[in-house]
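Q: Quick one: this structure, given as structure tokens, is what I'll be asking you about.
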Amino acid sequence: MQTLREVLEQSQQRGVAIGHFNISDLILLKAVVAAAREIDVPVIVGASQGERDFMGVREIAALVRSLREESGVPIFLNADHTHSLAKAEEAARAEFDSIVFDLSALPIDENVRQTKEAVAVLKAIQPAILIEGEIGDIGTGSEIHETVIDTSKGLTTPEEARKYVTATGVDILAPAVGNMHGMSASMVHGEARKHLDIQRIADIKKATGIPITLHGGSGTADEDFRRAIAPASTSSTSTPSFASPGDRASKPASPNNRTRLCPTRSFPPSSTP
Ligand SMILES: [Zn+2]
């Protein structure tokens, strides 16, 4: 089985992106694997801190490993948005393929200092693990916002990106390029779309030379996705966020109850750390 690094390198050469889908239960995990198998593509499964607390860090890793062996599908496991070194170390020890070490809420100097330290610590635990760093403002959570989302603030510049990647040694970068976590109610209804800054993506890509992730993909215009992934401005992974199917099974679609009924918020965390 190829490593995530090899798959990302190949995807860059081919000018394609790898889909990343967050899971918080076995139903969604099996759906992601079945879809990847059906269309014969590699896929990254993501579990945020809350999703890992809910399912158990080692339990998710064991499930993904088991499905990977059984299905033959190149499934990779990412510790999505991890805000502390202790939580990142848990994922590294459980043999996740990658970790999003997200200190984007801190001042940039502190983000750089702590991310650099984390890269060293996490690679000492698992040398093959890929660390993703984040700069700029792409919001938090996958909620449905009642108001229109302003994606024009806190955009990452190519120079900031280059300095950050050089100083920290991260393998993957999550910049702010018009993307944003969550969706507005108008996006849920298909009346509005997020738009990406394609030129900025191309410039950041060129300045850093490493794979870029596009977080908060849900609600983005399809054409923008295609242009962002094109060879000239390769975006290697994208991270659509969406509510778990458990939400919709419980109640008819409504922007607010979809958020409240997310299983990780409705049930207590796994007793296993
Ligand atoms: Zn994200």
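Q: Can you name every residue in the range 99-121 that is part of a helix (DSSP H, G or I), out of contact with any strand residue (DSSP E or B) (no Cβ under 7 Å at 6 or more places or on another chain) and either within 16 Å of the ligand (Cβ to nearest atom) or of a type in the set (S, T, N, Q) (or both)?
A: Selection gives Asn111, Gln114.
Q: Hey, can you tell me all the residues within the range 63-83 that are without any contact (Cβ under 8 Å) to a residue 40 or more places away in the chain, buried (at least 19 other Cβ atoms within 10 Å of the Cβ) and within 19 Å of Ile172 (Cα to Cα)?
A: If the condition is that a residue be without any contact (Cβ under 8 Å) to a residue 40 or more places away in the chain, buried (at least 19 other Cβ atoms within 10 Å of the Cβ) and within 19 Å of Ile172 (Cα to Cα), then Leu77, Ala79, Thr82 are the ones that fit.
Q: Does Ala35 fit the bill of being crowded, with 21+ Cβ neighbours inside 10 Å, in a helix (DSSP H, G or I) and of a type in the set (Gly, Ala, Ser)?
A: Spelling it out, it is not the case that Ala35 is crowded, with 21+ Cβ neighbours inside 10 Å, in a helix (DSSP H, G or I) and of a type in the set (Gly, Ala, Ser).
Q: Further question on the same structure: Look through Ser48, Ser11, Ser66 and report the one residue that is within 26 Å of Lys206 (Cβ to Cβ) and of a type in the set (Ser, Thr, Tyr).
A: Exactly one of Ser48, Ser11, Ser66 is within 26 Å of Lys206 (Cβ to Cβ) and of a type in the set (Ser, Thr, Tyr), namely Ser11.
Q: Still on this structure, I have one more. Identify all residues within the range 152-197 that are in contact (Cβ under 8 Å) with a residue 12 or more places away in the chain and farther than 25 Å from Ser98 by Cβ; write none if there are none.
A: Ser152, Lys153, Glu159, Ser184, Ala185, Ser186, Met187, Val188, Ala192, Arg193, His195
Q: Of all residues in the range 205-223 being touching a Lys or Arg at 6+ places or on another chain (Cβ under 8 Å) and modelled with pLDDT of 90 or more, which is farthest from the ligand (Cβ to nearest atom)?
A: Ala207
Q: Restricting to the range 77-96, name every residue that is more than 16 Å from the ligand (Cβ to nearest atom) and in contact with a helix residue (DSSP H, G or I) (Cβ under 7 Å, 6 or more places away or on another chain).
A: Leu85, Glu89, Glu90, Ala92, Arg93, Ala94, Glu95 - these are the residues of the range 77-96 that are more than 16 Å from the ligand (Cβ to nearest atom) and in contact with a helix residue (DSSP H, G or I) (Cβ under 7 Å, 6 or more places away or on another chain).
Q: Only one of Asp171, Asp197, Asp203 is more than 20 Å from Leu4 (Cα to Cα) and in contact with a Gly (Cβ under 9 Å, 6 or more places away or on another chain); which?
A: The unique qualifying residue is Asp197.
The values are calculated or read from the model by the stated rules, or taken from the named source; none is laboratory data. Quantities reported herein were computed from a predicted structural model and do not represent experimental measurements. Note: ideal-geometry Cβ built from the backbone for every residue, glycine included; neighbour counts use all protein chains shown.
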